[in-house]
Amino acid sequence: MIRITRQDGVQILRLDRPDKKNALTGAMYTDLAEALERGNTDPDIRCSLICGQPEVFTAGNDIGDFLQYAGKSGMTETPVVRFLRALVRNEKPLVASIDGIAIGVGTTLLMHCDMVFASPRALIRSPFVDLGLVPEAGSSLLGPQLLGHARAFELLCLGNAFSAEKALRAGLVNEVVEGDVDAAALACAREIAAKPPEAMALSRKLLRGDTEALFERVEEEIRIFASRLSAPETIAAFQAFMSKKKA
Ligand code: COA
């Protein structure tokens, strides 16, 4: 589930499914999407903060859910797709706090954040290709822009894990926090929320520039990703994970 609270103009979105390493289900994506959409229309929400649990931000999409989509033509109007669109359309500053593993969409959503805080034990990894998949959430466009092609390839195609320090050097993380990373991220989110909201919104929009190309890339990735969910090598990778779990 997603636990949603508010503090001083900050909407706090806490991923809370620790028994499954915060793997994201349809219901969780829906809650996240609704929260971001709400942020666009509610003037009392000045900033959103997304955070996880000690040692785990998220293990990415629920792999059991992925298997449900295999063999079906449409993944185009699912909760995950709504969430990906909401990330691109999000108009309020977004802060992330990472205190452990951040896998798959847990990595790529960071590319939509304005500030990312990580603890020293954070580990950022995107095993898309190993699972027979392709990068999503616009990361095939944002990754090279943010990190440069070589590092984006290493993260998104090779699937190498980036430590907090490496992610900091790569420009994916703003700060590595010894101690309470959630508190540091919340302090930053509150600082953002306390600033003049119109100037903040205008400034952020200028920095992000035109998001149409990003939106189109997200849609293109969704089409390819959806078709890959039925690829034999993909299904084999999912089944290997699920059977390892049962073994
Ligand atoms: N989808 C569904 N369930 C998941 C999951 C995921 N993405 N990640 C973890 N889980 C579940 C495990 O199946 C396990 O469930 P169980 O207790 O019912 O057996 C539970 O969460 C704990 O995971 P486990 O693998 O035992 O913990 P670990 O500490 O050994 O490893 C991870 C943690 C995150 C490294 C490992 O679970 C993993 O690799 N998960 C898959 C990540 C992934 O590929 N995500 C998709 C990206 S596109």
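Every number here is computed from the coordinates shown, using simple stated rules; none is lab data. All figures in this text were calculated on a predicted structure; none of them were measured in a lab. Reconstructed Cβ throughout: ideal geometry from the backbone, glycine too, with neighbour counts over all protein chains shown.
Per residue, the average separation of C-alpha pairs within less than 8 Å and at least 6 apart gives segment 70-172 a relative contact order of 25 percent. Over the Cα atoms of segment 103-189, the radius of gyration divided by the Kirkwood radius equals 0.97; this is the Rg/Rh ratio. The length gained by stretching the chain between D180 and K244 to full extension, at 0.36 nm per residue less their Cα-Cα distance, is 19.7 nm. With respect to the chain, whose longest principal axis is taken over its alpha-carbon atoms, helix 181-194 is tilted by about 50°.
Averaging 1/r over every pair of different alpha carbons in the chain and inverting the result gives a Kirkwood radius of 18.1 Å.
Around the amide H of V116, modelled in the peptide plane, lie the amide H atoms of A96, N174, E175, all under 5 Å away and 5 or more residues distant in sequence or on another chain. Whole-Hz Karplus values for segment 204-216 come out as 4, 4, 4, 5, 6, x, 6, 9, 4, 4, 5, 4, 5 Hz, taken residue by residue from phi with 6.51 cos²θ - 1.76 cosθ + 1.60 and θ = phi - 60°; glycine and proline positions read x. In sequence order, segment 41-55 has phi-based couplings of 10, 9, x, 6, 8, 9, 6, 10, 10, 10, 8, x, 10, x, 6 Hz under the Karplus curve 6.51 cos²θ - 1.76 cosθ + 1.60, θ = phi - 60°, and Gly or Pro positions carry x.
Scalar couplings 3J(HN,Hα) for segment 10-26, obtained by applying the Karplus form with A = 6.51, B = -1.76, C = 1.60 to θ = phi - 60°, are 9, 8, 9, 10, 9, 5, 9, 9, x, 5, 10, 6, 6, 4, 8, 9, x Hz; x denotes Gly and Pro.
With all projection directions averaged, the alpha carbon convex hull of segment 1-50 covers 3.2 nm². Its relative contact order, with pairs defined as Cα atoms under 8 Å and 6+ residues apart, puts the chain at 22 percent. No solvent, one uniform scatterer per C-alpha: report log10 I(q)/I(0) for segment 8-145 via the Debye equation at q = 0.15 1/Å, two decimals. Per q value, in the given order, log10 I(q)/I(0) is -0.71.
Remark on R6: its backbone amide H falls under 5 Å from those of I12, a criterion applied only to residues 5 or more positions apart or on other chains, H modelled at 1.01 Å from N.
What is the mean projected area of the alpha carbon convex hull for segment 152-193, to one decimal in square nanometres? Write out the running numbers ahead of the final one.
Working: hull surface 14.5 nm².
Average projection, Cα convex hull of segment 152-193: 3.6 nm².
Taking the C-alpha atoms only, the angle from helix 232-246 to the longest principal axis of the chain is near 80 degrees. A straight line joining the Cα centroids of segment 33-92 and segment 194-243 runs 10 Å.
So what is the calculated 222 nm ellipticity per residue for the chain, using -39500 (n - 2.57) for each DSSP H run with n of 4 or more, over all residues, to the nearest 500 deg cm²/dmol? Write out the running numbers ahead of the final one.
On the way: 11 runs with 117 residues, N = 247.
-14000 deg cm²/dmol, from helical runs alone.
Taken about its Cα centre, segment 186-247 carries a charge dipole of about 460 debye when Lys and Arg each add +1 at the Cβ and Asp and Glu each add -1 at the Cβ.
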